[in-house]
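Laboratory data are not the source of any read-out in this text; all were calculated from the coordinates shown. Remember, predicted model here, so these are calculated numbers, not experimental data. In this analysis, Cβ positions are derived from the backbone assuming ideal geometry, glycine residues included, and neighbour counts consider all displayed protein chains.
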Amino acid sequence: MGGVGPRRIGAFLTGGLSRAVAEYMDETTRLQALWHTHVPEPLASHARPVRFTMGKLVVHADTPVWASRLRQQQFTLVSRLVRDPLLQNLVGLSIKVTPARTPTAGGCRPGREVSTPRPQPFSSATGRLLRSVAEGIEHPALRASILRLAELSRGPGKSG
């Protein structure tokens with residue numbers, strides 16, 4: 001590193017990517033706030049909105065039982081959520097079972113191997129955005145890192 005102190009990754013990012021990340025985080029925060037406003041407990045605490053794309057709200061439930069309850073109440077939930085301007089184009093829910101990533105107390109036994117979840121691929125549009133950002137970065141290691149990240153995208157010919 002040649003005597004240079006530690007720097008935040010934000011110092012290397014272009015304004016466009018920084019804005020895109022901020023917008024994504026802002027939308028995720030708003031989705032979660034809407035979710036807790038319109039979805040009754042305990043359902044709201046056992047499922048979380050992940051993203052809203054192409055008229056579908058992707059929701060992760062922490063167990064198959066809660067996913068089933070979401071599916072049973074989907075019509076009612078959509079009719080409540082669609083009232084908000086952010087979700088005015090909502091046509092349905094895409095429900096997936098994904099256990100919470102934080103283990104509960106006593107959830108892991110000593111010596112037991114915990115598998116790391118495979119990274120989910122990005123959309124091809126996100127891959128293109130990352131590649132275009134990498135083109136403008138002079139720092140070779142950072143550029144290479146962003147290009148590796150872009151390879152996780154579902155580009156042409158990739159499944160996903």
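Each residue, T37 and R71, gets one label point 7 Å from its Cα in the Cβ direction; the gap between the two is 3.0 nm.
What is the list of residues in region 28-42 whose amide nitrogen lies under 19 Å from a point 7 angstrom out from the Cα of R51, following Cα to Cβ? Those under the cut-off are 28-35.
Once the Cβ-Cβ distance of D62 and H139 is raised to the sixth power relative to R0 = 45 Å, the FRET efficiency obtained is 0.70.
Take peptides 42-52, 27-37, 135-145 and line them up by average Cβ neighbours within 10 Å, highest first, as a rough protection proxy. Before the final figure, lay out the partial values.
Working: 42-52: 17.2, 27-37: 15.1, 135-145: 12.0.
Peptide ranking by packing, descending: 42-52, 27-37, 135-145.
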